[in-house]
1. Looking only at segment 73-85, which residues are buried (at least 16 other Cβ atoms within 10 Å of the Cβ) and either modelled with pLDDT of 95 or more or over 26 Å from ASN148 (Cβ atoms) (or both)?
2. Give me the pairs, please: first residue somewhere in segment 104-126 and farther than 19 Å from SER40 by Cβ, second residue anywhere and of a type in the set (A, V, I, L, M, F, W, C) and at pLDDT 80 or above, beta-carbon distance under 8 Å, and either six or more positions apart or on two chains.
3. Residues to consider are ALA75, ALA50, ALA55, ALA102; find the one that is part of a loop (DSSP other than H, G, I, E, B), over 20 Å from GLU137 (Cα atoms) and among the small types (Gly, Ala, Ser).
4. Suppose we filter LEU70, LEU41 for residues that are crowded, with 17+ Cβ neighbours inside 10 Å and more than 19 Å from ARG138 (Cα to Cα); which single one remains?
5. Report, by residue number, each residue of segment 44-67 that is without any contact (Cβ under 8 Å) to a residue 60 or more places away in the chain, crowded, with 18+ Cβ neighbours inside 10 Å and over 13 Å from the mean Cα position of the chain (by Cα).
6. Only one of (1) modelled with pLDDT of 75 or more; (2) more than 21 Å from ALA102 (Cα to Cα); (3) hydroxyl-bearing (Ser, Thr, Tyr) is not met by TYR53, so which one is it?
7. So, in segment 78-88, how many residues would count as being touching a Leu at 6+ places or on another chain (Cβ under 9 Å) and either in contact (Cβ under 8 Å) with a residue 60 or more places away in the chain or assigned to a strand (DSSP E or B) (or both)?
Amino acid sequence: MFSLILCGSLLPWASCILLSPRDAITVAAIDQLGSLFSFSLDEKNFAALADVYTANAIIDGGGPNPLRGLPAIQAFYRQTFSNSSLVTEHTVTTVYAYNFTATTAKSKNYADAFYFGKPAQERGGFLFRNQSVVFRERFDNEYVKEKNGAWKISRQTGPKPIVGFCHIIRRIFVLTLFVIIVS
């Protein structure tokens, strides 16, 4: 029997968590779900969301009508991203998993969503040509381990936007490169 020690500090002894082998495997599975979610959206592979969410999953974004069930979740993301020239990059950046049992777990997550170069007439005029937007959001997830051993999200609360993190980036790289070349 072994245990895994996870340390989240520059001083390892200051902030360590001892995980059982089962919990360490759960943390790894939860991490993988965040990556699969990100790639599913960015590659517009909405069928892959079936490996992220349970068949009866709920996404409660705080509005009057939570998304209920995998088909509704897939339809939402398909409608949001598939008919779009929008280039996206989603990243689940911070995952704190807790409340482990043999078949359930929870996590608190931060995620960054990068949207690149969308014409103004799409997405309600929020983004403008040659601009990019970065959002940082907070999600709380509940997970279940299915009979086949796969971990999936059964309930997601969020996104909860992090106030003050939305940045519009206008060709910063090109401008920086131009300044370096001219200098």
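The values are calculated or read from the model by the stated rules, or taken from the named source; none is laboratory data. Keep in mind that this is a model prediction, so the values were computed, not measured. When we count neighbours, we look across all protein chains shown, and the Cβ atoms used for this are built from the backbone with ideal geometry, even at glycine.
1. Hits for segment 73-85 are ILE73, GLN74, PHE81.
2. THR104/VAL144; ALA105/ILE30; ALA105/ALA97; ALA105/TRP151; LYS106/ALA97; LYS108/VAL95; LYS108/PHE139
3. After applying the criteria, what remains is ALA102.
4. LEU70
5. PHE46, LEU67
6. (2)
7. The number of residues fulfilling the criteria is 1.
Residue-wise test of (1) modelled with pLDDT of 95 or more; (2) small (Gly, Ala, Ser); (3) farther than 22 Å from ILE59 by Cα; (4) part of a strand (DSSP E or B).
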{"site": "ASN130", "(1), (2), (3), (4)": "no, no, yes, no"}
{"site": "VAL134", "(1), (2), (3), (4)": "no, no, no, yes"}
{"site": "PHE139", "(1), (2), (3), (4)": "no, no, no, yes"}
{"site": "VAL144", "(1), (2), (3), (4)": "yes, no, no, yes"}
{"site": "SER154", "(1), (2), (3), (4)": "yes, yes, no, yes"}
{"site": "GLY158", "(1), (2), (3), (4)": "no, yes, no, yes"}
{"site": "PHE165", "(1), (2), (3), (4)": "no, no, yes, no"}
